[in-house]
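Colleague: Dropping the structure in here first, questions after.
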Amino acid sequence: MPCTLTPITPAIGSTVTIDKASLLDPDVIAELKVALEERGVLVFPRLNASDTEQLALTDAMGGMVNFTRAVPGSDATTPGVYKITLDRKLNSEPDYVLGTFFWHIDGVTIDQPVPKATLLAARALSESGGATEFANLYAAYDGLSEADKRAYEDLRVIHTIEAAVRPVHGVPTPERVARYRAMAAVMEQPLVWTHESGRKSLLLGTHADGIVGMPGAHGRALLTRLQQWAAQPAFVYRHDWTVGDLVVWDNQGLMHRVVPYTDQGRVMHRTAIAGHESPGRPAAEADFERIYQIA
Ligand code: OGA
Ligand code: MN
């Protein structure tokens, strides 16, 4: 058996035991894709994949997408591989990296299909902090009462990069906002994402900045409550890294964050698999303005 999958918790995560030489075997790839859909997170302990091997797995599982091309400091040495690190020599602008301390989905504020999955490989760890947490947003939806499911079914949410980095910067300067506009869109996404598979998940994260048609506080209060609901321990897997680990997660059905660290030595190599489902669209100006009104 070239590939053994072992569940980590009932709701989320499987460990994959595999010989690196079998990784690109078409039967293995097919099995991994099914497991990713069912389990949300696949952990390959101490796989020690090189960038080339990580990119090959990324391509085999659905094709690489580079959604951080516009982010400063990205992809300097290996195209498609983004360095998640506070080391300024490797990543000149760590704002976006600091944003990973807060629950998020990758690529939600870009007007393109939501990336299908993210692959993260641990190259060097921090002295403290640095574990990565994943919350299953399918389980969060499934666990709602029928009344709540009905109440949320048609809600639309405005996602902004400002909201994603608000915990990092507080109120951004006008220059910074102009730069955000150049690299990201204000997106309107459904609160409940009905995937092509027919499954439903909540689409949440720190980038969720308000609900269409609701005054700002009302929308944000509901989003905060739902984020807390989705982050309950039963829906979460927390990965404590060992150097060489590779973790792949379903970026469309999970949100993730990292336990804060200050250590500039931590280096993770990230690649992403292209999605083809676009649940959202650029937000209408009036809806965007409404979420900044208080009544
Ligand atoms: C990411 C991310 C978390 C981490 O790479 O998109 O959120 O643990 N990383 O570095
Ligand atoms: Mn991320």
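The values are calculated or read from the model by the stated rules, or taken from the named source; none is laboratory data. On a predicted model such as this, the values are computed, not experimentally measured, just so you know. Counting neighbours? That spans all protein chains shown, and the Cβs are built from the backbone with ideal geometry, glycine included.
Colleague: Tell me, please, whether a residue that is among the small types (G, A, S), part of a helix (DSSP H, G or I) and either within 14 Å of ligand 2 (Cβ to nearest atom) or closer than 30 Å to G219 by Cα (or both) can be found in the stretch 263-281. Spell out the reasoning first.
Modeller: Residues of the stretch 263-281 among the small types (G, A, S): 265, 272, 274-275, 278, 280.
Checking which are part of a helix (DSSP H, G or I) leaves us with none.
Within the stretch 263-281, none of the residues are among the small types (G, A, S), part of a helix (DSSP H, G or I) and either within 14 Å of ligand 2 (Cβ to nearest atom) or closer than 30 Å to G219 by Cα (or both).
Here is a yes/no grid of residues against (1) loosely packed, with under 15 Cβ neighbours inside 10 Å; (2) under 15 Å from the mean Cα position of the chain (by Cα); (3) over 25 Å from A56 (Cβ atoms):
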residue: E196; (1), (2), (3): yes, no, yes
residue: G205; (1), (2), (3): no, yes, yes
residue: W229; (1), (2), (3): no, no, yes
residue: D245; (1), (2), (3): no, no, no
residue: V267; (1), (2), (3): no, no, no
residue: A272; (1), (2), (3): no, yes, no
residue: G280; (1), (2), (3): no, no, yes
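Yes/no matrix, rows are residues, columns are (1) loosely packed, with under 15 Cβ neighbours inside 10 Å; (2) at pLDDT below 95:
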residue	(1), (2)
T109	no, yes
P113	no, no
S126	no, no
Y138	no, no
Y141	no, no
A151	yes, no
R156	no, no
T173	yes, yes
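Colleague: Let me ask something additional. Return the residues of the stretch 15-29 that are within 24 Å of R238 (Cβ to Cβ) and either under 18 Å from the mean Cα position of the chain (by Cα) or surrounded by fewer than 21 Cβ atoms within 10 Å (Cβ to Cβ) (or both); say none if nothing qualifies. Let's see the steps before the verdict.
Modeller: Taking the stretch 15-29 and keeping what is within 24 Å of R238 (Cβ to Cβ), we get 15-18.
Within the stretch 15-29, T15, T17, I18 meet the criteria.
Colleague: Moving on. Could you list all residues from the stretch 217-262 that are within 15 Å of ligand 2 (Cβ to nearest atom) and acidic (D, E)?
Modeller: Across the stretch 217-262, the qualifying residue is only D250.
Colleague: Looking for whichever is surrounded by 14 or more Cβ atoms within 10 Å (Cβ to Cβ), among the charged types (D, E, K, R) and within 16 Å of ligand 2 (Cβ to nearest atom) here; the options are E162, E188, E133. Which one fits?
Modeller: Values: E162 fails: within 16 Å of ligand 2 (Cβ to nearest atom); E188 fails: within 16 Å of ligand 2 (Cβ to nearest atom).
Exactly one of E162, E188, E133 is surrounded by 14 or more Cβ atoms within 10 Å (Cβ to Cβ), among the charged types (D, E, K, R) and within 16 Å of ligand 2 (Cβ to nearest atom), namely E133.
Colleague: Has the stretch 210-223 got any residue that is in contact with a His (Cβ under 8 Å, 6 or more places away or on another chain) and within 15 Å of G107 (Cβ to Cβ)? Full working, then the answer.
Modeller: At the first step, the residues of the stretch 210-223 found to be in contact with a His (Cβ under 8 Å, 6 or more places away or on another chain) are 211.
Checking which are within 15 Å of G107 (Cβ to Cβ) leaves us with none.
No; the residues of the stretch 210-223 include none that is in contact with a His (Cβ under 8 Å, 6 or more places away or on another chain) and within 15 Å of G107 (Cβ to Cβ).
Colleague: Of the residues L32, L5, which is part of a strand (DSSP E or B) and surrounded by 14 or more Cβ atoms within 10 Å (Cβ to Cβ)?
Modeller: Values: L32 fails: part of a strand (DSSP E or B).
So the residue among L32, L5 that is part of a strand (DSSP E or B) and surrounded by 14 or more Cβ atoms within 10 Å (Cβ to Cβ) is L5.
Colleague: Let me ask something else. Which pairs turn up if I take residues in the stretch 35-53 that are within 19 Å of Q252 (Cβ to Cβ) and look for partners that are among the charged types (D, E, K, R) and modelled with pLDDT of 95 or more with beta carbon separation below 7 Å, at least 6 apart in sequence or on another chain?
Modeller: Taking only residues 6 or more apart or on different chains, the pairs are L36/D250; E37/D250; G40/D250; V43/D245.
Colleague: Please pick out the residue among D51, D59, D95 that is within 16 Å of ligand 2 (Cβ to nearest atom) and of a type in the set (D, E).
Modeller: On the way: D51 fails: within 16 Å of ligand 2 (Cβ to nearest atom); D59 fails: within 16 Å of ligand 2 (Cβ to nearest atom).
Of D51, D59, D95, the one residue that is within 16 Å of ligand 2 (Cβ to nearest atom) and of a type in the set (D, E) is D95.
Colleague: Could you say which residue among R225, R257, R220 is surrounded by fewer than 24 Cβ atoms within 10 Å (Cβ to Cβ), within 20 Å of H159 (Cβ to Cβ) and either of a type in the set (D, E) or within 15 Å of the chain's Cα centre (by Cα) (or both)? If you could, list the steps in order and put the result at the bottom.
Modeller: Values: R225 fails: either of a type in the set (D, E) or within 15 Å of the chain's Cα centre (by Cα) (or both); R220 fails: either of a type in the set (D, E) or within 15 Å of the chain's Cα centre (by Cα) (or both).
Testing whether each residue is surrounded by fewer than 24 Cβ atoms within 10 Å (Cβ to Cβ), within 20 Å of H159 (Cβ to Cβ) and either of a type in the set (D, E) or within 15 Å of the chain's Cα centre (by Cα) (or both) leaves just R257.
Colleague: Got a number for residues in the stretch 256-273 being more than 12 Å from ligand 1 (Cβ to nearest atom), small (G, A, S) and in contact with a helix residue (DSSP H, G or I) (Cβ under 9 Å, 6 or more places away or on another chain)?
Modeller: Within the stretch 256-273, residues that are more than 12 Å from ligand 1 (Cβ to nearest atom), small (G, A, S) and in contact with a helix residue (DSSP H, G or I) (Cβ under 9 Å, 6 or more places away or on another chain) number 0.
Colleague: Does V16 meet the test of being in a strand (DSSP E or B) and either hydrophobic (A, V, I, L, M, F, W, C) or on the phi < 0 side of the Ramachandran plot (or both)? Explain how you work it out, then say what you get.
Modeller: Values: in a strand (DSSP E or B): yes; either hydrophobic (A, V, I, L, M, F, W, C) or on the phi < 0 side of the Ramachandran plot (or both): yes.
So V16 passes the test.
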